[in-house]
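Enquirer: Sending over a structure as structure tokens; questions will come in a sec.
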Amino acid sequence: MKKKVVAMLMTTVMAISLAACGGSQEPADAAAPEEGTAAQETETAPEEEGDTVAEGEPHVFGYTCMDLTNPFHIAMRDEFKAVIEGNGDIFIDVDGKNDQTKQNDAIEDMITQGIEVLFLNPVDAASVQPALESCEAKGIKVVNVDSGVADTSKIATYISSDNREAGRQCGESIVERYPDGCNICLIDNPLADSVVERVAGLEEAIDGTECKIIDRKSYSTMDAVLGDVEDLLQANSDIDVLWGLNDDFGLIMLGAVESAGLQDEIDVYSVDGSPSGKTSVQNGGMYATAAQSPVGIADKAIECAYTLLEGGTVDAYYALPTTLVTPDNVADNVPDKWN
């Protein structure tokens with residue numbers, strides 16, 4: 001009877017997952033798992049109240065991110081999907097749409113669909129708390145990815161790029177390019193832990209130098225970003241550097257700079273190392289992007305998830321390295337692919 005229920009669940013879940021992904025988008029090719037990682041770690045662990053999943057029945061994994069229009073989150077989603085479904089398990093993904101209330105509702109929905117592990121990239125580090133408590137109550141293991149939650153007691157592990165180092169790499173490059181000092185404007189996002197860390201790293205790198213942050217805007221919606229950048233340019237005629245919290249922002253900043261005819265006067269920095277970001281650096285657009293790997297984060301998260309399902313232990317935090325991509329090394333960083 002249980003196998004019939006799981007089979008019905010699998011059919012329903014896959015249909016919902018396809019709808020959330022847009023249906024027609026094919027997953028990126030997945031790298032073959034290394035020995036001892038997710039593909040080998042498929043034994044099941046006891047569920048709550050003494051119930052056990054029969055060997056061979058599929059596990060059910062959920063994924064939700066803050067914004068599934070972001071190429072970084074799409075690349076991560078595609079790797080989750082390719083590897084998990086390649087293992088014969090079920091994968092559900094839902095876009096948080098930059099709205100924590102909607103994301104919390106989506107998580108509750110996935111809980112009713114029987115997820116055992118949630119890969120979570122929260123919209124708001126603090127306001128995701130009710131969803132974390134619901135997962136805890138149901139015994140669902142939460143693997144936090146890319147941007148952290150406020151209450152780490154509710155998660156099994158947190159896996160991200162070393163976001164503070166990414167910001168620091170940008171800051172060190174700025175100081176090197178402007179030894180006599182410069183004026184920096186930026187867009188940040190105080191709700192996203194990953195961005196808070198990036199800004200902190202940037203501030204640490206320029207501390208004690210003549211490079212100063214003279215103005216900033218806080219992210220509200222993608223529709224407002226271009227207007228925010230134009231406001232920064234109009235209010236600050238002495239800008240030397242614009243810093244964007246990711247490549248999407250960096251490329252919008254670059255467009256505004258070019259529209260104002262200031263591309264020879266202002267350097268644009270960002271974080272991500274997306275194919276579009278690195279290609280821009282290669283073509284003389286943005287000056288630099290601190291490259292991270294969504295595929296690497298997803299693969300580590302999958303490895304941890306299967307370990308947890310087997311009853312194993314994982315570290316509380318994994319910080320994956322970043323690389324600053326500039327005109328000097330962009331050719332060595334495969335511009336048309338994620339690192």
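The values are calculated or read from the model by the stated rules, or taken from the named source; none is laboratory data. Just so we're clear, the structure is a prediction, and the values are computed from it rather than from any experiment. FYI the Cβ positions are ideal-geometry reconstructions off the backbone, even for glycines, and counts take in every protein chain you see.
Enquirer: Which members of region 156-182 meet the condition of being among the aliphatic types (A, V, I, L, M), crowded, with 23+ Cβ neighbours inside 10 Å and over 13 Å from residue 270 (Cβ atoms)?
Expert: 159, the sole residue that qualifies.
Enquirer: Just give me the residues in region 174-214 being part of a strand (DSSP E or B) and either closer than 24 Å to residue 145 by Cα or out of contact with any helix residue (DSSP H, G or I) (no Cβ under 6 Å at 6 or more places or on another chain) (or both), in sequence order.
Expert: Within region 174-214, 182, 183, 184, 186, 187, 188, 212, 213, 214 meet the criteria.
Enquirer: Only residues that are among the charged types (D, E, K, R) and either more than 17 Å from residue 270 (Cβ to Cβ) or within 18 Å of the chain's Cα centre (by Cα) (or both): list them for region 193-213, please.
Expert: Across region 193-213, the qualifying residues are 193, 197, 198, 204, 207, 210, 212.
One line per residue, one yes/no per condition, for (1) at pLDDT 95 or above; (2) out of contact with any Gly (no Cβ under 8 Å at 6 or more places or on another chain); (3) over 30 Å from residue 117 (Cβ atoms); (4) surrounded by fewer than 19 Cβ atoms within 10 Å (Cβ to Cβ):
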{"position": "184", "(1), (2), (3), (4)": "yes, yes, yes, no"}
{"position": "207", "(1), (2), (3), (4)": "yes, yes, yes, yes"}
{"position": "210", "(1), (2), (3), (4)": "yes, no, yes, yes"}
{"position": "217", "(1), (2), (3), (4)": "yes, yes, yes, yes"}
{"position": "223", "(1), (2), (3), (4)": "no, yes, yes, yes"}
{"position": "232", "(1), (2), (3), (4)": "yes, yes, yes, no"}
{"position": "236", "(1), (2), (3), (4)": "yes, yes, yes, yes"}
{"position": "257", "(1), (2), (3), (4)": "yes, yes, yes, no"}
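Enquirer: Does residue 133 satisfy the criteria of being touching a Ser or Thr at 6+ places or on another chain (Cβ under 7 Å) and modelled with pLDDT of 95 or more?
Expert: Here the answer is no, as residue 133 does not meet what is asked.
Enquirer: Please work out which residue is surrounded by the most Cβ atoms within 10 Å (Cβ to Cβ), limiting yourself to region 103-125 and to residues that are more than 22 Å from residue 159 (Cα to Cα) and touching a residue at least 12 places away in the same chain (Cβ under 8 Å).
Expert: Per the criteria, the residue is 114.
Enquirer: What are the residues in region 126-139 that are within 15 Å of residue 152 (Cβ to Cβ) and either basic (Lys, Arg) or in a helix (DSSP H, G or I) (or both), if any?
Expert: If the condition is that a residue be within 15 Å of residue 152 (Cβ to Cβ) and either basic (Lys, Arg) or in a helix (DSSP H, G or I) (or both), then 129, 131, 132, 133, 135, 136 are the ones that fit.
Enquirer: Continuing with the same structure: So the check is Cβ under 9 Å with 6+ separation or different chains; which pairs have a first residue in region 197-218 that's free of Cβ contacts under 8 Å to residues at least 12 places away in the same chain and a second one that's surrounded by 14 or more Cβ atoms within 10 Å (Cβ to Cβ)?
Expert: Matching pairs, first to second residue: 207/171.
Enquirer: Out of all the residues in region 241-252, which are in contact (Cβ under 8 Å) with a residue 60 or more places away in the chain and over 17 Å from residue 192 (Cα atoms)?
Expert: Within region 241-252, just 241 meets the criteria.
Enquirer: May I ask you to list the residues in region 126-136 that are crowded, with 21+ Cβ neighbours inside 10 Å and within 19 Å of residue 309 (Cα to Cα)?
Expert: Of everything in region 126-136, those that are crowded, with 21+ Cβ neighbours inside 10 Å and within 19 Å of residue 309 (Cα to Cα) turn out to be 132, 135.
Enquirer: Just to be sure, is residue 241 under 17 Å from the mean Cα position of the chain (by Cα) and not charged (D, E, K, R)?
Expert: no
Enquirer: Every residue in region 140-155 that is surrounded by fewer than 19 Cβ atoms within 10 Å (Cβ to Cβ) and either assigned to a strand (DSSP E or B) or of a type outside the set (Ser, Thr, Tyr) (or both), please.
Expert: 150, 151, 154
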